[in-house]
Structure formats: C-alpha cells, structure tokens
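Comments concern the structure below.
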Amino acid sequence: MASGSKAFSVFMLIFYAILLYFVFADKNMIAMYMMAIGMFVEALVNCICTFRSKTK
C-alpha cells in the first residue's frame with residue numbers, strides 16, 4: 001500500500017479480521033458489503049497517495 005500509515009494498516013487488519021469472522025459465521029451479505037467497502041477504501045487511499053507524491 002502506498003500510504004505507509006501504520007494506523008491505517010492496523011485499521012484495515014482489524015476490518016478484515018471482522019470480515020473473516022462474518023464469512024465463517026455464514027453472514028455472507030454483510031461480508032460482501034464489507035469486502036467491497038474495504039477494497040474501495042484501499043484503492044482510494046492508494047490513489048490519493050500516488051497523486052500526492054507526484055505533486056511534491
């Protein structure tokens with residue numbers, strides 16, 4: 001990930017651990033929503049960090 005933020009990395013680790021729990025608990029719809037949100041947030045952070053680093 002391009003952000004390099006430790007806090008964001010820990011947040012995403014906890015987020016995906018909760019997602020994994022929902023998968024094993026057979027809560028597939030909420031797991032799909034969380035997966036989509038997580039992937040979008042990671043892509044957004046990557047995009048922001050990529051464009052921010054080029055303007056420096």
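The values are calculated or read from the model by the stated rules, or taken from the named source; none is laboratory data. Remember, it's a predicted structure, so these values are computed and weren't measured experimentally. Reconstructed Cβ throughout: ideal geometry from the backbone, glycine too, with neighbour counts over all protein chains shown.
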Take segment 29-51 and flag every residue that is among the β-branched types (Val, Ile, Thr) and surrounded by 15 or more Cβ atoms within 10 Å (Cβ to Cβ).
VAL45
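Which residues, counting only those in the chain, are part of a helix (DSSP H, G or I), among the small types (Gly, Ala, Ser) and modelled with pLDDT under 90? Before you say what the answer is, go through the steps one by one.
In the first step, residues of the chain are kept if they are part of a helix (DSSP H, G or I); the result is 6-24, 28-54.
Now restrict to residues that are among the small types (Gly, Ala, Ser): 7, 9, 17, 31, 36, 38, 43, 53.
Matches in the chain: ALA7, SER9, SER53.
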For segment 20-43, give me each residue that is farther than 18 Å from SER9 by Cβ and touching a residue at least 12 places away in the same chain (Cβ under 8 Å).
PHE22, ALA31
